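The values are calculated or read from the model by the stated rules, or taken from the named source; none is laboratory data. Here the structure is a predicted model, which means the values were calculated and not measured. Counting neighbours? That spans all protein chains shown, and the Cβs are built from the backbone with ideal geometry, glycine included.
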Amino acid sequence: MDNTGYAYGSVQSGIDKTCAIRALKSARLRGEQSLTIAFIGLGNMGAPMARNLVAAGHNVTGYDIAAPCPTGISPAESAEQAVTKKEFVITMLPNGAILRQTAAQILPIMAQGSILIDCSTVDIDSARAVAHEAEMHNLGFVDAPVSGGVVGAENGTLTFMAGGDEAHIKHVWPLLDIMGSRRVHCGQAGAGQAAKICNNMIAGATMIVTCEAFALADGLGLDRQKMFEVVSASSGQSWSMNVYCPATGIGPSSPSDNDYQPGFASELMLKDLRLARQAAQSVNTETPIGTLAMQIYEEFVEKEAGSGVDFSGVMRKFTSE
Ligand code: NAD
């Protein structure tokens, strides 16, 4: 993922809004105590999120197996060292298996009463399993996946969807408010991941059908700009059409105007569609369109050089974009 300036998710921030949010946050934080936080996973999302916590006056120790520790964050040599005596531990990791493995390392040594906040996008079973393990160790757990992409992480305008006990949630809100501008308590542990998976299943499927509609418009000789003007104000409107239009030169600036540089990469969308499929199977729910969307992204990523391409680049399956 890169810093092309496109926000993936429900928040697309302008400079004015970002400044206003920052001012509001510093005002809110004045007089509040500095918290001790461990941040594990300092990749494209984790590094800017951790930096925002430091900018808000908190004491952050970071650990990543590969990525460098950003300036202002104290580097730890291991996950165990990072979490020792910390009030909060935040993880921003690639998947559920790595989350489980990391949790097994850190939960036994986390400080009593501390809370693990997992912001990664992972399967619901992993979120619930880690929540259970945390409870066994008398620790708090909140799953808090995000929407808003790298730009949202940098600007502190992420949307958080959180799952966990109210008692833990109320303690983590102030930290989420630094890294984001919107948060929803979705229910018990795993509910945040459930919301994230449902949202991204809709986003993936809607993106594909939006691309199909442009291909159909082309075939019918309908001007793309006219199609956008009609659909973006009619019942076919969606975030994919109105905000993140996959057709080059149509609608607000988006990755389609920058050779489909992500943004939100197709392989991450594929990961989320696979999580949605897995979740649907686990509760015997039919999701035929979500499954088809997963198969289309599978082809795009694995056979059609879609890896590293923004998820709106699936347009290339349908047109000569
Ligand atoms: P990334 O690959 O850039 O970062 C993940 C980091 O985790 C890497 O730096 C990696 O070295 C580190 N890591 C892996 N295993 C580790 C371990 N055992 N201990 C410590 N560090 C370890 O990925 P990202 O884009 O930052 O995404 C992180 C999570 O956020 C993913 O679950 C992703 O699905 C989710 N997400 C990403 C975006 C986005 O736009 N990039 C948007 C929403 C959600």
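The number of residues in region 269-309 that are touching an Asp or Glu at 6+ places or on another chain (Cβ under 8 Å) and either aromatic (Phe, Trp, Tyr) or assigned to a loop (DSSP other than H, G, I, E, B) (or both) comes to 3. Is there a residue in region 148-158 that is away from the ligand (no atom under 13 Å from the Cβ), crowded, with 22+ Cβ neighbours inside 10 Å, in a helix (DSSP H, G or I) and hydrophobic (A, V, I, L, M, F, W, C)? Checked region 148-158: no residue is away from the ligand (no atom under 13 Å from the Cβ), crowded, with 22+ Cβ neighbours inside 10 Å, in a helix (DSSP H, G or I) and hydrophobic (A, V, I, L, M, F, W, C). From the list 243, 283, the one residue that fits, being at pLDDT below 95, hydrophobic (A, V, I, L, M, F, W, C) and within 28 Å of residue 94 (Cα to Cα), is 243.
When restricted to residues that are away from the ligand (no atom under 14 Å from the Cβ) and buried (at least 20 other Cβ atoms within 10 Å of the Cβ), region 186-200 contains 5.
Mind listing just one residue for me: the one in region 255-289 that is buried (at least 22 other Cβ atoms within 10 Å of the Cβ) and more than 14 Å from the ligand (Cβ to nearest atom) and, of those, farthest from residue 210 (Cα to Cα)? Filtering first and then ranking leaves 260.
In summary, residue 262 fulfils each of the numbered conditions (1) assigned to a loop (DSSP other than H, G, I, E, B); (2) modelled with pLDDT of 95 or more with the single exception of condition (2). Residues of region 133-162 that are without any contact (Cβ under 8 Å) to a residue 40 or more places away in the chain and under 18 Å from residue 114 (Cβ atoms): 133, 134, 135, 136, 137, 138, 139, 140, 162.
Determine which member of the set 52, 44 is within 16 Å of the ligand (Cβ to nearest atom) and modelled with pLDDT under 95. Going through 52, 44 in turn, the sole match is 44.
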